[in-house]
Amino acid sequence: MDDFDTPAHTESTSTQPLDALPDLVTAWGRGWARSRGVPRLVSVPGGFRADVGLPGHRVRYVLHTWDGALLAAYGRRIAAPGTWIKISGRSADLRGALPPRWTLADTGHLMSTPFTAGAADVQAPYAMRVTTAGDVVVATVVDGAGDTAASGRLARAGEFGIIDRVETAPPHQRRGLGTAVMRALSDHAARNGMSTGLLVATDDGRRLYSSLGWSVRSEIAAAYVDEPG
C-alpha cells in the first residue's frame, strides 16, 4: 500500500447504487486495463493504480474519491517521471492541489449508456469484422483492399462493457465508420450480458458519443510528470 494518509472519504459503500460514480470509475479502469493488457489494478486511497509500463506513462493513479489534501499528498510523494494522476473532477481542482512540476493534460469525459442490440451496417466497399482476442472484442471496418479504415475495442468488467480505442483512419473519416464501430460493439455487448457501456471520451469524441445517446457522468481531469525522451 502506498504511504498516504487516509482521506475523509475513500471508498464507495454498500449503500450506494451500482451506478454510483466510484463504481463507474472503477469498472472503467478494469475494462481499460484489460483492453490495454495492463496488469491487475492495485487499490490505493481514493481509487486505484495501474502499472502501465510505457515510456512517458509508467504508472497511472485514478481517483474517484478525493479531497485537496489527498491530491496534494499524491503530488508530493509519487512525482517520478512518467507518473500520471486522473481524477473524476475538474482540471482546476487538480491543478490547484498539485506542485508546479505536474503538467495538466486534456480533460476527458466519463460517459455511459444502456447497451442495445442492433445491426451495424457499412456500405461497400467497406466491410465489418468482429473478432475476439482473449478477453477483448475488436470491431474492425476494412476497405476494399482489406486495410483497416476504423476500429474499436470492448472489454468486460462485470455487467459493464468498456469501449476503448475507437479510431478512424484520416482518409476514411466523415463516412459514419466510427458510428458503425460503436454500434457493432454495443450489439455484441448487449447480446452477451453487458447492460451498460462506459468510456472516457476526448472533446471531439464526446460530440460523437452524445449523438449516439451516451451521457456524461463526470469530467476526468489528468496531470503528469514529464519523462524526457
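The values are calculated or read from the model by the stated rules, or taken from the named source; none is laboratory data. Keep in mind that what you see is a predicted model, and the values were worked out from it rather than measured. For neighbour counting, all protein chains shown are included, and Cβ atoms are generated from backbone atoms with ideal geometry for every residue, glycine included. SASA here: full protein model, heavy atoms, side chains in, ligands and nucleic acids out. Shrake-Rupley method; radii C 1.70, N 1.55, O 1.52, S 1.80 Å.
Just one of Arg156, Arg175, Arg165 is open to solvent by 60 Å² or more (accessible area, probe 1.4 Å), outside any strand (DSSP E or B) and not hydroxyl-bearing (Ser, Thr, Tyr); which is it?
Result of the check over Arg156, Arg175, Arg165: Arg175.
May I ask you to list the residues in region 79-106 that are among the polar types (S, T, N, Q) and either free of Cβ contacts under 8 Å to residues at least 12 places away in the same chain or surrounded by fewer than 18 Cβ atoms within 10 Å (Cβ to Cβ) (or both)?
Filtering region 79-106 for residues among the polar types (S, T, N, Q) gives 83, 88, 91, 103.
Correct list: Ser91, Thr103.
State which residue pairs qualify: first residue under 19 Å from Trp32 (Cβ atoms) and inside region 53-74, second residue open to solvent by 10 Å² or more (accessible area, probe 1.4 Å) and part of a loop (DSSP other than H, G, I, E, B) in any location, beta carbons under 6 Å apart, and separation of 6 or more residues or different chains.
Gly56/Glu227; Val59/Asp51; Arg60/Val52; Thr65/His9; Thr65/Thr10
Looking at region 89-139, which of its residues are closer than 28 Å to Thr65 by Cβ and of a type in the set (D, E, K, R)?
Arg90, Asp93, Arg95, Arg101, Asp106, Asp135
I want to confirm something. Restricting to region 211-229 and keeping residues that are among the charged types (D, E, K, R) and under 22 Å from Phe160 (Cα atoms), which single residue is most open to solvent (accessible area, probe 1.4 Å)?
Applying the filter and picking the extreme gives Arg217.
Quick check on Ala119: is it open to solvent by 70 Å² or more (accessible area, probe 1.4 Å), assigned to a loop (DSSP other than H, G, I, E, B) and in contact (Cβ under 8 Å) with a residue 24 or more places away in the chain?
yes
Look through region 109-166, keep the residues that are among the β-branched types (Val, Ile, Thr) and more than 23 Å from the chain's Cα centre (by Cα), and return whichever of them is nearest to Ser186 (Cα to Cα). Don't jump to the end; show me each part of the working.
Within region 109-166, the subset among the β-branched types (Val, Ile, Thr) is 113, 116, 122, 130-132, 136-138, 140-142, 148, 162-163, 166.
Narrowing further to those that are more than 23 Å from the chain's Cα centre (by Cα): 122, 142.
Numbers: Val122: 15, Val142: 19 Å.
So, considering only residues that are among the β-branched types (Val, Ile, Thr) and more than 23 Å from the chain's Cα centre (by Cα), the one nearest to Ser186 (Cα to Cα) is Val122.
Considering only residues that are open to solvent by less than 60 Å² (accessible area, probe 1.4 Å), more than 14 Å from Gly82 (Cβ to Cβ) and not in a loop (DSSP other than H, G, I, E, B), which ones fall in region 34-54?
Ser35, Val42, Val44, Gly47, Phe48
So, of the residues in region 126-143 that are modelled with pLDDT under 95 and in a loop (DSSP other than H, G, I, E, B), which turns out to be surrounded by the fewest Cβ atoms within 10 Å (Cβ to Cβ)?
This residue is Gly134.
I'd like to know if region 55-70 contains one or more residues that are within 30 Å of Ser195 (Cα to Cα) and open to solvent by less than 10 Å² (accessible area, probe 1.4 Å).
Taking every residue of region 55-70 in turn, at least one turns out to be within 30 Å of Ser195 (Cα to Cα) and open to solvent by less than 10 Å² (accessible area, probe 1.4 Å).
Would you say Arg30 is of a type outside the set (Val, Ile, Thr), open to solvent by 50 Å² or more (accessible area, probe 1.4 Å), within 15 Å of the chain's Cα centre (by Cα) and on the phi < 0 side of the Ramachandran plot? Walk me through how you get there before you give the answer.
Numbers: of a type outside the set (Val, Ile, Thr): yes; open to solvent by 50 Å² or more (accessible area, probe 1.4 Å): yes; within 15 Å of the chain's Cα centre (by Cα): yes; on the phi < 0 side of the Ramachandran plot: yes.
Judged against the criteria, Arg30 is a match.
Of these, Ala149, Ala189, which one is touching a strand residue (DSSP E or B) at 6+ places or on another chain (Cβ under 6 Å) and over 22 Å from His109 (Cβ atoms)? Walk me through how you get there before you give the answer.
Working: Ala189 fails: over 22 Å from His109 (Cβ atoms).
Exactly one of Ala149, Ala189 is touching a strand residue (DSSP E or B) at 6+ places or on another chain (Cβ under 6 Å) and over 22 Å from His109 (Cβ atoms), namely Ala149.
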